[in-house]
1. Please state which one of 125, 71, 135 is at pLDDT 85 or above and assigned to a loop (DSSP other than H, G, I, E, B).
2. Got a sec? Which of 11, 25 is at pLDDT below 80, touching a helix residue (DSSP H, G or I) at 6+ places or on another chain (Cβ under 7 Å), farther than 24 Å from residue 117 by Cβ and surrounded by 11 or more Cβ atoms within 10 Å (Cβ to Cβ)?
3. So if I check each of 103, 46, which one is at pLDDT 80 or above, over 20 Å from residue 18 (Cβ atoms) and either out of contact with any Cys (no Cβ under 9 Å at 6 or more places or on another chain) or assigned to a loop (DSSP other than H, G, I, E, B) (or both)?
4. For region 28-40, what are the residues that are at pLDDT 85 or above and under 15 Å from residue 60 (Cα atoms)?
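The values are calculated or read from the model by the stated rules, or taken from the named source; none is laboratory data. This is a predicted model, so every value here is computed, not measured. Here the Cβ positions follow ideal geometry from the backbone for every residue, glycine too, while neighbour counts run over all protein chains shown.
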Amino acid sequence: MGDSETESVQTDGPEDELLNLHAFTGMCLGLGIPPEKVAGDFRNTLEDLRQRGVVPLEEVARQRAHSAGGTREHPVPWAEGFAAGYLAAWAAAILRVLETRGLDFGQDKHVFRPLNVCTDADLLTRLLDRAVTVTHEAELVAGEPSLQL
């Protein structure tokens, strides 16, 4: 890749990353790559941007609402539903990882309820990472004032 090509993919902020993603998506469709493959790559890249803290969950939901078929008339409710479902799925994933490891914190209302009402996608991501290694409930929520036991 030449210097001019390298410069064209460098970004200054989240807007640039989203513009590059949209441009790349359009180029892939233009090249004849199957739409379902392009859509999957688009969603995966959005999630990667969210996990890296480049794009907040709300923007991911908005982008998905605008790119999904049949939601153009009501993108806001769709985006809100997507965001709520996303958060619920991450909370369930945390509890599932703990349960699979034999650390069933799901029955403990001090852990279960805060996870299921949490609206911070970045916090849930950190907790899922911790769920893989913790051995006690207190380790899961260490340093997270909103979830202290």
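1. From the options 125, 71, 135, the qualifying one is 135.
2. Answer to the selection: 11.
3. Checking each option against the conditions leaves just 103.
4. none
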